[in-house]
Amino acid sequence: MKVLIIGSGGREHSLAWKIAQSSRLKKLYCAPGNAGIAQVAECVDVEAESIEALCNFALKEKIDLTVVGPEKPLVAGIVDRFQSLGLKTFGPTRRAATLEGSKVFAKALMRKHGIPTAEFKTFSDLFKAQGYISSLGGPCVIKADGLAGGKGSIVCKTVEDALLAADRILKDRLFGEAGGKILVQEYLEGEEVSILAFTDGSTIVPLEPCQDHKALYDGDQGPNTGGMGAYSPVPSITGELYARIEREIMVPTIHAMKKEGRPYKGILYLGLMLTAFGPKVLEFNVRFGDPETQPLLMRLKGDLLPLLLATVEEKLETVAFQWDPRTALCVVMASRGYPEAYEKGKEINGLESLKGLKDVVVFHAGTTKKQGKVLTDGGRVLGV
Ligand code: AMP
Ligand code: GLY
């Protein structure tokens, strides 16, 4: 099979690393990829959001399966476009990807279908939002409706913080048009977990539980990031709790999407808060998590390609796979300054010395290669 992966982060490196081990693989491409991905795939100089250029490449190279990493092209409808050309593509359609593309849509769906989540109200009018925030009198979370590169949610400890956040999103358009509407949400307390599942729209294949480290610094200090690390499994998730998550959240979400005429195929990622009142949804993602995918794929035994293909071909009930029972842990190395402004182009040394270490893989997230040197090229740089 000829496979194309779209994206350039640590998630895509781990997908490429795993797919490269498949006996069914003939050729692996990644667009645009990074210096680490280039060790296992041929990198193609096309950005993940250049949908037409990606289509042309896939047609020309007769790609058998395309795997889409990031949310932006999914929300923009890359799967619909590829499918219209007869190209097999892993990921949800544009209408299904709205589950991540619009937080207002996701919350309305949960409310309508009784899926547990934080209480909320939606506003496009700043004055009304201010009135509601003041009436809460305590902590809450202000979220921009649309995609904001993982930065669109502001956790506010006080009413003053929340009023400022609403102002910056709705009035100053801090996140551009993604902030045309905001959600004001109840603040949930508890431990956060990431639960991912393959689904072909009918069959659901849950993956092992995972937890990512959101805060920049140790001890949950500092601003939220895309994730500074992740591990799997999660000791606090018992079999009983996992069954409850499947029963109360995972299965109802897939059914709800079907009922709404938005059948869901691909990876469904549940960002959950384990509260004193049970698991509640913080957010849905319509893709593999980053960095959750790195430890998950370290633990997945056997071939990933049949799982991806069966999802696309709606045959998930026919595949079986196993997990390595050992824990996998990913620690992210980031550029100084991340998640705010940071410099790029710094040389990375020492990678060679890690080669050949048993059970250790260095996944590249933001790297590039120039004149034989590996340079930093992003906020999150490596995941070890
Ligand atoms: P989101 O953009 O919805 O994924 O939220 C980003 C992060 O903000 C989450 O990973 C949580 O750490 C935090 N967060 C989001 N919603 C809530 C909430 N209702 N209560 C407490 N923390 C939240
Ligand atoms: N690690 C969080 C995410 O992938 O959205």
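Can you tell me the orientation of helix 51-60 relative to the chain, as the angle in degrees between its alpha-carbon axis and the longest Cα principal axis, to the nearest 10?
Result, in degrees: 20.
Take the chain, connect every pair of alpha-carbon atoms lying under 10 Å apart with a spring to form a Gaussian network, then pick out the residue of A129, A31, A230 with the largest mean-square fluctuation.
A129
Regarding the chain, what whole-number volume in Å³ per residue does the convex hull of its Cα atoms give? Kindly include the intermediate steps, with their values, before the conclusion.
Values: hull volume 55.0 nm³, N = 384.
It comes to 143 Å³ per residue, whole-number rounded.
Post the alpha-carbon centroid distance, region 82-118 to region 255-319, in whole angstrom.
If we compute the Cα centre of each part, the gap is 12 Å.
What's the long-distance tail for region 276-384, i.e. % of Cα pairs beyond 18 Å? Walk me through the numbers on the way to the answer.
Values: 3841 of 5886 pairs.
Above the 18 Å cut-off, region 276-384 has 65 percent of its Cα pairs.
Suppose the chain between L126 and D172 were pulled fully straight at 0.36 nm per residue; how much longer would it get relative to their current alpha carbon spacing? Walk me through the numbers on the way to the answer.
Working: separation 46, 0.36 × 46 = 16.56 nm, distance 1.09 nm.
Result: 15.5 nm gained on full extension.
With angles folded into 0 to 90 degrees, how steeply does helix 126-136 sit against the dominant principal axis of the chain? Use alpha carbons for both and round to 10.
Between helix and principal axis, roughly 80 degrees.
What FRET efficiency comes out for the pair K301/L329, r = Cβ-Cβ distance, R0 = 22 Å, nearest 0.05?
Numbers: r = 18 Å, r/R0 = 0.80.
With R0 = 22 Å, the Cβ-Cβ based efficiency is 0.80.
How much length is gained if the chain between K2 and K112 is pulled fully straight, taking 0.36 nm per residue apart and subtracting their Cα-Cα distance, in nm to one decimal? Before the final figure, lay out the partial values.
On the way: separation 110, 0.36 × 110 = 39.60 nm, distance 4.15 nm.
Net length gain for the segment: 35.4 nm.
Determine the alpha carbon to alpha carbon distance for each of K18/K280; K18/K258; K121/K214; K18/K259; K88/K214; K72/K181 and list only those over 29 Å.
On the way: K18/K280 31 Å; K18/K258 31 Å; K121/K214 25 Å; K18/K259 34 Å; K88/K214 33 Å; K72/K181 19 Å.
Check vs 29 Å cut-off fails for K18/K280; K18/K258; K18/K259; K88/K214.
May I ask you to list the aspartates and glutamates whose Cα is less than 12 Å away from that of K107, ignoring any residue fewer than eight positions away on the same chain?
The qualifying aspartates and glutamates are E119, D145, E283.
What are the aspartates and glutamates whose alpha-carbon lies under 20 Å from the alpha-carbon of K346, with same-chain residues fewer than 8 places away excluded?
In chain and number order, the partners are D377.
Keeping every protein chain present and rolling a 1.4 Å probe, give me the accessible area per residue for the chain in Å².
Numbers: 17380 Å² over 384 residues.
Averaged over the residues of the chain, the accessible area is 45 Å².
List the aspartates and glutamates whose Cα lies under 17 Å from the Cα of K315, skipping any in the same chain that are fewer than 8 positions away.
Straight-distance partners of K315: D64, D200, D303.
Quick one: among G289, G226, G302, which has the greatest mean-square fluctuation in a GNM of the chain with alpha-carbon springs under 10 angstrom?
Greatest mean-square fluctuation among the candidates belongs to G302.
Based on DSSP, what percent of beta bridges with both residues in the chain are antiparallel, to the nearest 5?
Values: 53 of 68 bridges.
Of all bridge pairs located within the chain, approximately 80 percent are antiparallel.
Listed highest first by mean packing, meaning other Cβ atoms within 10 Å per residue, what order do 10-20, 71-81 come in?
The most tightly packed comes first, giving 10-20, 71-81.
If I compute solvent accessible area with a 1.4 Å probe over the protein chains, what percent of it on region 257-368 is carbon and sulfur?
Values: 2900 of 5470 Å².
The computed percentage sits at 53.
State the answer as a single residue: which of L65, V184, L270 lies farthest towards the positive end of the charge dipole of the chain, with beta carbon charges of +1 for Lys and Arg and -1 for Asp and Glu, about the Cα centre.
Of the options given, the answer is L65.
The values are calculated or read from the model by the stated rules, or taken from the named source; none is laboratory data. The shown structure was predicted, so the numbers you read here are calculated from the model rather than taken from an experiment. Positions of Cβ are generated from backbone atoms using ideal geometry, with glycine treated the same way; all protein chains shown enter the neighbour counts. Quick note on the areas: whole protein, heavy atoms, side chains included, nothing else; ligands and nucleic acids left out. Shrake-Rupley method; radii C 1.70, N 1.55, O 1.52, S 1.80 Å.
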